[in-house]
Amino acid sequence: MPSLIRAHRTPSHWGGLQHGRIGLLGGSFNPAHDGHRHISLEALKRLGLDQVWWLVSPQNPLKSRAGMAALDQRVAKAQQVARHPAIRVTAIEQSLRSTYTVDTLAALQRRFPRLRFVWLMGADNMVQIPRWRRWQGIFYRVPVAIFDRGSYSVPAVTGLAARRFAAARLSHRRCGQLAMQEPPAWVYLVIRPHPASSTAIRAAGGWG
C-alpha cells in the first residue's frame, strides 16, 4: 500500500472507496497511542463504519507548538499504532491547507461526495468544542459521535454544545444508524475506558 502521508493527493489510494461510512478522528496525535485505536475499533463496530481515518493535524490552533513533534514523525507513529486494515492515517489537512475542523469537513465532502462522514471525538472535546471556530457548523455538516471519557461525562452531556443540539441527540440504541442521519445528529457512547494519554506519555518521557 502506498504511504498514506502521500496518498492524500490521490484519492484512489484510499482503498478505492466510492461509497461508504467513514469515521473521522482528528487530533495532534502527539503521540498516537492505543487509546486512539480503542476508540476507532469501537466506532467501527458500534457505528457500522467501513473505515476510520486519523486526521493528523499539522498544528492544532488551540495547542502550543512547544513540545509538538514534527508532522512526519507523528504520522509515522500513528501508522505504527493503527495496525488495522480499516484504520487509515493521513496528514490530508496539510495539502488542504486547512487549520479548522469545519473547513476540513467541507473540503473532504467536496473531494469525496459519495462518502458518509461521521466526526468522532472524546467527551473532553465535547466540553470544549464551543471554543472551536464556527463549532456549530460542524454539527450542521456531519453526524457526530461522542465517546465517554470518565470525569468529562457529565459536563459533556450538560454543556453548551449538548444543550444547543439537545433535539438532535440519538439514543445509543440507534448508534448504528448515525452515519445515515441528516445532520445535526449526534450520539453519546459509553465505552470501556482506556488509560492511555498523549499528555501522560510525553510527561513520562516516552515520546520525542
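The values are calculated or read from the model by the stated rules, or taken from the named source; none is laboratory data. As the structure is a prediction and not an experimental result, all values here were calculated from the model. Ideal geometry is used to build each Cβ from the backbone, glycine not excepted, and the neighbour counts take in all protein chains shown. For accessibility, only protein heavy atoms count, side chains too; no ligands or nucleic acids. Shrake-Rupley method; radii C 1.70, N 1.55, O 1.52, S 1.80 Å.
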Heavy-atom accessible area ranking, 1.4 Å probe, most first, across HIS36, HIS84: HIS84, HIS36
Note, the stretch 37-50: 3J(HN,Hα) by Karplus (6.51, -1.76, 1.60, θ = phi - 60°), whole Hz, Gly/Pro = x, goes 5, 4, 4, 5, 5, 5, 5, 4, 6, 7, 9, x, 7, 8
Can you list residues whose amide H is under 5 Å from GLY27's amide H, if they're 5+ apart or on another chain and H is modeled 1.01 Å from N? LEU55, SER57
Pull up all non-local amide H partners of GLY122: gap of 5 or more, or a different chain, and H-to-H distance under 5 Å with H placed in the peptide plane. PHE147
So, counting K/R as plus one and D/E as minus one, what does the shell of residues with Cβ under 12 Å around HIS36 add up to? +2
Using unit Cβ charges (K, R positive; D, E negative) and no other charged atoms, how large, in debye to the nearest 20, is the dipole of the stretch 91-131 about its Cα centre? 260
Assigning unit charges at the beta carbon (Lys, Arg +1; Asp, Glu -1) and nothing else, what dipole magnitude in debye, to the nearest 20, does the stretch 28-84 show about its Cα centre? 100
Can you give me the three principal axis dimensions of the stretch 113-181 from its C-alpha atoms, in Å, biggest first? 36, 29, 20
Computed label-point distance, nm, for sites GLN80 and ARG192 using a 7 Å Cα→Cβ extension: 2.5
Diffing the stretch 85-91: the Karplus 3J(HN,Hα) column from phi (6.51, -1.76, 1.60, θ = phi - 60°), in whole Hz with x for Gly and Pro, holds x, 9, 10, 10, 10, 8, 10
Among rounded, prolate and oblate, which fits the stretch 54-119 when a ≥ b ≥ c are the square roots of the eigenvalues of its C-alpha gyration tensor, a/c under 1.5 means rounded, and a/b larger than b/c means prolate? oblate
Would you calculate the separation in nanometres between label points at ALA167 and ASP34, each defined as 7 Å from the Cα along the Cα-to-beta-carbon direction? 4.4
Residues with amide H under 5 Å from that of ARG88, placed H, sequence gap 5 or more: VAL52, TRP53, TRP54
